[in-house]
Amino acid sequence: MNKDSSTSCFSLEQFPDEIFMEIFQYISVHDLYRGLYKLNQRINHILHSITNLSLTLSKAEDINDDAVVFFASRIYHLVVRHQNPVEFNRFPSLRSLTSKFPQDRQLCGNCDIVDRLCRRIISNKLRYCSSWPPTFDLNWPIIATPLLTHVKLRDGDFDDLCILLNSCPNLKHLQV
């Protein structure tokens, strides 16, 4: 075997940051934090630069996990799999919220998150919406939201449905 063939191997240090950022989006925030944080300056810089992360909170105490605290401002997609209240203000970049066991008490004191997510729908920054129930403030100016293509509603009335259909001209999937 030729010795020159061994020199063609790459080390991780040779990869550009963009490749790491792409790969890291497929790794859980817990694994990223526990496995890579404080590994070296370059990895730390990349971890601070990642956006569009997803997080699943299975237990109420998960929100105080070091990994969640570290990445909270860059969490775009949040899935809540417990019934306890959640401090949604910890996630200022939140664009998608799914609650497996929705309870009114989860939103008590957190009405600003519902307001913020609804404004993202109206301002055309949301592509998928799962609402329980759909609460549309009729005082807001309703504009077309051409990017919203998938909507899942668990409750609501005919007026809510009409508002939704009128504001989403490119709706491809509606589940009621």
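The values are calculated or read from the model by the stated rules, or taken from the named source; none is laboratory data. A quick note: this is a predicted structure, and the numbers were derived from the prediction, not measured. Here Cβ is always computed from backbone atoms with ideal geometry, including for glycine, and neighbour counts include all displayed protein chains.
Specify the residue that is farthest from Lys100 (Cα to Cα); the eligible residues are those in segment 27-62 that are of a type in the set (Asp, Glu) and exposed (fewer than 15 other Cβ atoms within 10 Å of the Cβ). So, considering only residues that are of a type in the set (Asp, Glu) and exposed (fewer than 15 other Cβ atoms within 10 Å of the Cβ), the one farthest from Lys100 (Cα to Cα) is Asp31.
Of all the residues in segment 4-33, those that are modelled with pLDDT of 95 or more and among the charged types (D, E, K, R) number 1.
Residue selection: Ser73 satisfies the criterion of being of a type in the set (Gly, Ala, Ser) and within 16 Å of Leu97 (Cβ to Cβ).
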